[in-house]
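Step one of this worksheet: look at the structure below.
The values are calculated or read from the model by the stated rules, or taken from the named source; none is laboratory data. Note that the coordinates shown come from a computational prediction; the quantities given were computed from them, not determined experimentally. Positions of Cβ are backbone-derived with ideal geometry, glycine not excepted, and every protein chain shown enters the neighbour counts.
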Amino acid sequence: MKIGVFFSDLGKTAVYYPRLAKVTGSVTSCIFFGQLLQWRSRSTNPYDWIKITIKEIEEETGLNPREQELARKELIERSLLKERLVNHALEFWLNLEALEEKLHELLHELKSNSTQETASNNLELIPANPASKNEQNIPWQRQPIAVKVTPNYQFSGPWQTPEQFAEFQKALLEYAKEKGFYNPSEWVFKTIDGITKGIVSPFWDEFVQGIPLGESQKIKRDWEIEPGIAYPAFEEERIQYYVQKGEPLEVAVSKARSDLRNPVLGKDLWEGFLRKCDRIADEAIKAKKSGIQTPYLPPSFRDKPNVTKETVMQKLAALSPEFSLNSSNYQKIIELNSNNKIGEDKNLNSSNDPPRVEALQAAYQTPMGRTLVEKQIAEHPEWGYAIIDGEVVDITPF
């Protein structure tokens, strides 16, 4: 067989970047991540989750299910990948922002190491006695590295005292943590280093004036009632767009708010939303003129109460007071388990003294309590309880 024909029968090739493997954790993770990246580039909407089966990945890369599982674990641990189970199928989300930061750190490290290696190996051919041109066997000398090191170096900037400088660093660090920066300390260092080099920073002006960091840099867009908060009807309209596409509600909210934080996309969506509002208003005016007292308005235009932690806690407390967010579900389950153990020690775990069906059913509704209740019922058949269609029921005839 000719070598060309032989290689053509092997199918597609799969390549990887060795430097990217340092970021993803291994060659296997690099190949897996690269395959997902290719599938993402084929999608028309970059905000969609990647829908691909384990079998398809194996056909494209040769990675078996076990190798894919290890690759996913490494990528998730490095915050480069998210996965979810939808209708018994895995979907993936690539965190390209985290990848960009890690690649930037890797390239910076490689560049720094390369510079040090070049400096140590950079020998300039300088004769020991330049005046004697005809001298043979001239010894070569290492070129001196002209780098001055300042002992006890300190940042110099607009701050007046070391205490003020320390307070400014703390404020920057808290701001970076609040914003969720990947490496807050590195961001603080770059910001202060830029100030010492003469770069104007609004953070220092805000710190001196005593206003929260980043407050003066917020821009209120046309579609926002205040910086970063869109009109409720506009936001709800975008949320319903993703809900209609089949996204879970929590994912739809996240995607909608991400779209409205994008100044270019948000502006385009706002213009389309205004046109829709104008059309709805014209139709409502015509309907009123025709004698209709309450013209139709889309759900996004109706007043909705704000969903807060307090409102959710009140509803859960009304439905199940014993296992609401106001109390710890875990503590309730621990107490239930402790009572059962105490009963075992006293030999009281008999059919005459079983726990109430209502208490077991309430505990079974929580993810943590489900396993515990199933275990208790299996260990105590004398209770006469069973789990049928997700309900704890008494199967004894009397």
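Here's the yes/no breakdown for (1) within 20 Å of Arg40 (Cβ to Cβ); (2) at pLDDT below 85:
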site: Ile76; (1), (2): yes, no
site: Ala89; (1), (2): yes, yes
site: Phe92; (1), (2): yes, no
site: Leu107; (1), (2): no, yes
site: Gln136; (1), (2): no, yes
site: Arg142; (1), (2): no, yes
| query | Which residue out of Leu99, Leu90, Leu94 is touching a Lys or Arg at 6+ places or on another chain (Cβ under 7 Å), touching a residue at least 24 places away in the same chain (Cβ under 8 Å) and surrounded by 12 or more Cβ atoms within 10 Å (Cβ to Cβ)? | reply | Leu94
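Collect the residues in segment 36-71 that are hydroxyl-bearing (Ser, Thr, Tyr) and outside any loop (DSSP other than H, G, I, E, B), keeping them in residue-number order.
Of everything in segment 36-71, those that are hydroxyl-bearing (Ser, Thr, Tyr) and outside any loop (DSSP other than H, G, I, E, B) turn out to be Ser41, Thr61.
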| note | Of the residues in segment 348-360 that are buried (at least 18 other Cβ atoms within 10 Å of the Cβ) and at pLDDT 80 or above, the one that is nearest to Leu316 (Cα to Cα) is Leu360
| note | Conditions (1) loosely packed, with under 12 Cβ neighbours inside 10 Å; (2) in contact with a Lys or Arg (Cβ under 9 Å, 6 or more places away or on another chain) -> Lys309 fails only (2)
| said: Condition check: touching a Gly at 6+ places or on another chain (Cβ under 9 Å) and touching a residue at least 40 places away in the same chain (Cβ under 8 Å). Does Trp223 satisfy that? | reply: yes
| Which pairs have Cβ atoms under 8 Å, sit 6 or more apart or on different chains, and link a residue in segment 173-186 that is within 12 Å of Leu213 (Cα to Cα) to one that is in a helix (DSSP H, G or I) and among the aliphatic types (A, V, I, L, M)? | Leu173/Val188; Ala176/Val188
